[in-house]
Each structure stands twice: as structure tokens, then as C-alpha cells.
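Visitor: First the structure, then my questions, so here it is.
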Amino acid sequence: MLRPGIFTELTFLTTEDLTARSMGSGTLPVLATPAMIAKMEQAAWSAVATYLEPGTGTVGTLINVRHTSATPMGMAFTCRAELTAVEGRRLIFRVTARDAHGSVGEGVHERAIIREAPFISKAYRKLNPEE
């Protein structure tokens, strides 16, 4: 059962493909803000995945995050997502990122529980709206 307090922590290495230089969000070889956000989202959906009914999943609907400190390429960082509220299909998480020297980011992330097949079907109808 989904309930506040469910959390997970995932650790990643800041590799070239996660840098601002590589992702196009800047020119420096440090953890890119979009990469940090993606890893925070990964932690959030991972935290609740085993609690969902078969055929359902979650999709991100809102993110409000501060990126407060640079993490250099080659350094690990850990993203934590804790479910703080369940409002029907809406899930609200507190997300944080830390490296060996402390906090690098924090914020709020919301996800919605969806039925996967209808969700995908609706999305792909955009390719052929006449059908």
C-alpha cells in the first residue's frame, strides 16, 4: 500500500554523459542540472514501483528543484526520494541529492499513477490523429 514515508536512495557516478558539457545545459564538466533531476525522478519512481498494481506505472508531472552545489566528473552522488503525500493518483515526493561534501540539490517532485496501455495508446495517437 502506498503511504508517506516510503523512500529509496540511488547512487550514481558523475560520468561524462551526465555533465553539463555533454547534455548541452552548460560548458563545464560537472553534474548537469537536467541529469540530477532525471536521477531524482528515477529514485522517485523506483521508490513506489513495487507498490503499484500490474499494468500501472507513474509519470512525472511536476518538478521544483534547486541545484545548489557542483559535483565534478568522477564523483559519486546519491539521490533520495521520499513519498510525503498520496492524493488519489497524485504522489508527492521530497527529493534530495548529495555528494561526499554535502547537499547538491533538493526540492519537490510530483508523479501521477497511470494505466500504462491507455497512456501509451493516447500518446501515440498524436502521430496519426486522423485514426
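Visitor: Could you run through region 46-58 and say how many residues are closer than 29 Å to G74 by Cα and not in a helix (DSSP H, G or I)?
Guide: Adding up the residues that qualify gives 0.
Visitor: What's the number of the condition S103 fails, among (1) surrounded by 13 or more Cβ atoms within 10 Å (Cβ to Cβ); (2) under 17 Å from the mean Cα position of the chain (by Cα); (3) among the hydroxyl-bearing types (S, T, Y)?
Guide: (1)
Visitor: Just one of the numbered conditions (1) touching a residue at least 24 places away in the same chain (Cβ under 8 Å); (2) closer than 22 Å to F119 by Cβ; (3) more than 17 Å from the chain's Cα centre (by Cα) is not true of G88; which one?
Guide: (1)
Visitor: While we're looking at this one, here's another question. Please verify whether T58 is in contact with a Phe, Trp or Tyr (Cβ under 7 Å, 6 or more places away or on another chain), touching a residue at least 24 places away in the same chain (Cβ under 8 Å), within 30 Å of M1 (Cα to Cα) and open to solvent by 60 Å² or more (accessible area, probe 1.4 Å), treating the condition exactly as stated.
Guide: no
Visitor: Also, quick follow-up: Does any residue of region 78-94 turn out to be closer than 29 Å to R21 by Cβ, basic (K, R), touching a strand residue (DSSP E or B) at 6+ places or on another chain (Cβ under 9 Å) and surrounded by fewer than 18 Cβ atoms within 10 Å (Cβ to Cβ)?
Guide: Within region 78-94, none of the residues are closer than 29 Å to R21 by Cβ, basic (K, R), touching a strand residue (DSSP E or B) at 6+ places or on another chain (Cβ under 9 Å) and surrounded by fewer than 18 Cβ atoms within 10 Å (Cβ to Cβ).
Visitor: Does region 60-104 hold any residues that are among the β-branched types (V, I, T), closer than 15 Å to K39 by Cβ and assigned to a strand (DSSP E or B), and which are they?
Guide: I63, V65, T78, V95, T96, V104
Visitor: Taking the condition of being farther than 17 Å from R98 by Cβ, in contact (Cβ under 8 Å) with a residue 24 or more places away in the chain and either open to solvent by 10 Å² or more (accessible area, probe 1.4 Å) or part of a loop (DSSP other than H, G, I, E, B) (or both), how many residues in region 9-45 meet it?
Guide: Selection size over region 9-45: 5.
Visitor: Would you confirm, using the coordinates I've provided, whether V65 is among the hydrophobic types (A, V, I, L, M, F, W, C), touching a Gly at 6+ places or on another chain (Cβ under 8 Å) and in contact (Cβ under 8 Å) with a residue 24 or more places away in the chain?
Guide: yes
Visitor: Could you say whether any residue in region 97-118 is without any contact (Cβ under 8 Å) to a residue 40 or more places away in the chain, out of contact with any Pro (no Cβ under 9 Å at 6 or more places or on another chain) and farther than 27 Å from V30 by Cα?
Guide: yes
Visitor: Considering only residues that are open to solvent by less than 60 Å² (accessible area, probe 1.4 Å) and not small (G, A, S), which ones fall in region 109-131?
Guide: Result: H109, E110, R111, I113, I114.
Visitor: Being within 17 Å of A20 (Cβ to Cβ) and open to solvent by less than 70 Å² (accessible area, probe 1.4 Å) is the filter here, so list the residues in region 61-77 that pass it.
Guide: Correct list: V65, H67, S69, A70, T71, P72, G74, M75, F77.
The values are calculated or read from the model by the stated rules, or taken from the named source; none is laboratory data. In this text, all values refer to a predicted model and were calculated from it rather than measured experimentally. Methodologically, a virtual Cβ is constructed for each residue, glycine included, from the backbone with ideal geometry; neighbour enumeration extends over all protein chains shown. Only protein heavy atoms, including side chains, enter the accessible area calculation; ligands, DNA and RNA are left aside. Shrake-Rupley method; radii C 1.70, N 1.55, O 1.52, S 1.80 Å.
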